[in-house]
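I have placed the structure first, in the form of structure tokens, so that the comments after it can refer back to it.
The values are calculated or read from the model by the stated rules, or taken from the named source; none is laboratory data. Everything numeric here is computed off the predicted structure, so don't read it as measured data. FYI the Cβ positions are ideal-geometry reconstructions off the backbone, even for glycines, and counts take in every protein chain you see. Heavy atoms of the whole protein, side chains included, go into the accessibility calculation; ligands, DNA and RNA do not. Shrake-Rupley method; radii C 1.70, N 1.55, O 1.52, S 1.80 Å.
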Amino acid sequence: MGKEDHKLSKAELRRKAVFEVVKAGLEEKGYHTTELTMSTFAANVFAIVAALPPIILLIAVFRITNPQAEGLSGEMKDVLLFLASFMILVVVHELIHGITWGLCAKSKFKSIEFGVIWEYVTPYCTCSEPLKKGQMILGALMPTILLGVLPGVVACVIGSTELAYMAGAMILGGGADIMITGKILRHKTGKTALFHDHPYKVGTIVFEKDEE
């Protein structure tokens, strides 16, 4: 959720306490932990890098399929409308995380928590119970798929420059999710591995059994 050495908020301390209970229970069952995390600064940088390939692909496909499409209007009302829409969709992005993980979690939506990192004015969603690999990845990528990839495809089909730009912005907003998904996929695990949101760092914690 943030820098490794930052002072934990009340919400982070509470999540840490809950996590320690979960960790102790799984360790009794023979699991050990591996952190797949990084600093907030590194996450912000690599999130942009992770989002660039799909954004470039979207721009290329859009230009090929719609060579006569005009650019965005520079009028103030259109710019403000775009920014307002973006801010609303940022919140929707987190809601989609919560809905997807909530449907996967054993405790359903009781395990889902929303909040705002006020230092960066950034809303977030976190799940307080471990999930299977596929469930964690599905919840991580679903907002980018629904708000970025699918609208990008529609934009290419109907030739909407505005929708294409918004799709690109949403893919950029999902850069951290793409990056974390990449870290999860690169970490080889067995079928019994579980993934838990880190209570206060950017990333996830993997629970694996010793025999794996």
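Some notes on this structure:
- Scanning segment 107-142 for residues that are outside any strand (DSSP E or B) and in contact with a Gly (Cβ under 6 Å, 6 or more places away or on another chain) gives 108, 109.
- Within the set 128, 111, the sole residue that is open to solvent by less than 60 Å² (accessible area, probe 1.4 Å) and without any contact (Cβ under 8 Å) to a residue 60 or more places away in the chain turns out to be 111.
- In this structure, residue 189 does not satisfy being more than 30 Å from residue 71 (Cα to Cα) and in a helix (DSSP H, G or I).
- Scanning segment 60-80 for residues that are in a helix (DSSP H, G or I) and either in contact with a helix residue (DSSP H, G or I) (Cβ under 7 Å, 6 or more places away or on another chain) or among the acidic types (Asp, Glu) (or both) gives 61, 62, 65, 78.
- Neighbours by Cβ (under 7 Å, 6+ apart or cross-chain): first from segment 79-97, of a type in the set (Asp, Glu); second modelled with pLDDT under 95 and surrounded by 14 or more Cβ atoms within 10 Å (Cβ to Cβ): 94/123; 94/124; 94/125
- Residue 64 being open to solvent by 30 Å² or more (accessible area, probe 1.4 Å), more than 30 Å from residue 208 (Cα to Cα) and touching a residue at least 12 places away in the same chain (Cβ under 8 Å): no
- Any hit, segment 173-184, residues being buried (at least 22 other Cβ atoms within 10 Å of the Cβ), at pLDDT 95 or above, in a helix (DSSP H, G or I) and within 12 Å of the chain's Cα centre (by Cα): no
- Breaking point among (1) at pLDDT 95 or above; (2) of a type outside the set (Asp, Glu); (3) open to solvent by less than 70 Å² (accessible area, probe 1.4 Å), for residue 123: (1)
- Apart from one condition, residue 87 fits all of (1) farther than 25 Å from residue 142 by Cα; (2) in a helix (DSSP H, G or I); the exception is (1).
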